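Heads up, the thing below is written out as structure tokens.
The values are calculated or read from the model by the stated rules, or taken from the named source; none is laboratory data. Being a predicted model, the structure only gives us computed values, none of them experimental. Please note: Cβ atoms are built from the backbone with ideal geometry, for glycine as well, and neighbour counts cover all protein chains shown. What goes into the accessible areas is simple: the full protein's heavy atoms, side chains included, and nothing from ligands, DNA or RNA. Shrake-Rupley method; radii C 1.70, N 1.55, O 1.52, S 1.80 Å.
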Amino acid sequence: ALGHFGDARRAAMGSTLVERVVETGSLVIRKLGGTRAREIAIHRFLSAPSVTCGEMVETLAHRTAVACQGRRIVAAQDTTEINFAGREERRRGLGPAGDGVSAGFFLHPVIAIDSETEAVLGLLDAKIWTRSDEFDATPARERALEDKESVR
């Protein structure tokens, strides 16, 4: 399950969404839906106030913690930029991406890797953030530690 989201129907839709991502290998809602009705259902699911990134991350982290029991793991993290260059006018709630111009957001995932088999066990944590319009383009190495985005 991806989460419970306060309702068994939303929990089932979350599971269906994960299954469709695996089946299609896509994150594009139109491709995940397959039909217009399922596409609308996915949009409604993702727009529901009770469907939160926090609950998804918490659910996945719990599943990963169970998979990590009795193993030596390495926790690896990196920052990923999701950039919507060229489509800014159709996107809401985004801030400046890595180039300071295109719309986008950032993802800071932490994943668990089995130290012996090198198998990826799952997500331990994730931080998702959007820059404000007051983005400081000063290179990170020239900023004081307390002024860096990674500290916020």
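Looking at SER26, SER47, SER15, which is the one that is under 21 Å from ASP125 (Cα atoms) and either under 15 Å from the mean Cα position of the chain (by Cα) or not charged (D, E, K, R) (or both)?
Details: SER26 fails: under 21 Å from ASP125 (Cα atoms); SER47 fails: under 21 Å from ASP125 (Cα atoms).
That would be SER15, the only listed residue that is under 21 Å from ASP125 (Cα atoms) and either under 15 Å from the mean Cα position of the chain (by Cα) or not charged (D, E, K, R) (or both).
Check ALA144, ALA103, ALA119 and return the single one that is surrounded by 14 or more Cβ atoms within 10 Å (Cβ to Cβ), hydrophobic (A, V, I, L, M, F, W, C) and at pLDDT 75 or above. Steps first, please.
Details: ALA144 fails: surrounded by 14 or more Cβ atoms within 10 Å (Cβ to Cβ); ALA119 fails: surrounded by 14 or more Cβ atoms within 10 Å (Cβ to Cβ).
The match here is ALA103.
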Counting only residues that are aliphatic (A, V, I, L, M), closer than 28 Å to ALA119 by Cβ and free of Cβ contacts under 8 Å to residues at least 60 places away in the same chain, which one in the range 40-69 is surrounded by the most Cβ atoms within 10 Å (Cβ to Cβ)? MET56
Take ALA126 and tell me if it is open to solvent by less than 40 Å² (accessible area, probe 1.4 Å), in contact with a His (Cβ under 7 Å, 6 or more places away or on another chain), aliphatic (A, V, I, L, M) and in a strand (DSSP E or B). yes
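Consider ILE113 carefully, then state whether it is of a type in the set (A, V, I, L, M, F, W, C), assigned to a strand (DSSP E or B) and on the phi < 0 side of the Ramachandran plot. Before the answer, list the steps.
On the way: of a type in the set (A, V, I, L, M, F, W, C): yes; assigned to a strand (DSSP E or B): yes; on the phi < 0 side of the Ramachandran plot: yes.
Yes, satisfied.
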How many residues, within the range 1-12, are closer than 21 Å to ALA126 by Cβ, open to solvent by less than 60 Å² (accessible area, probe 1.4 Å) and in a helix (DSSP H, G or I)? 1
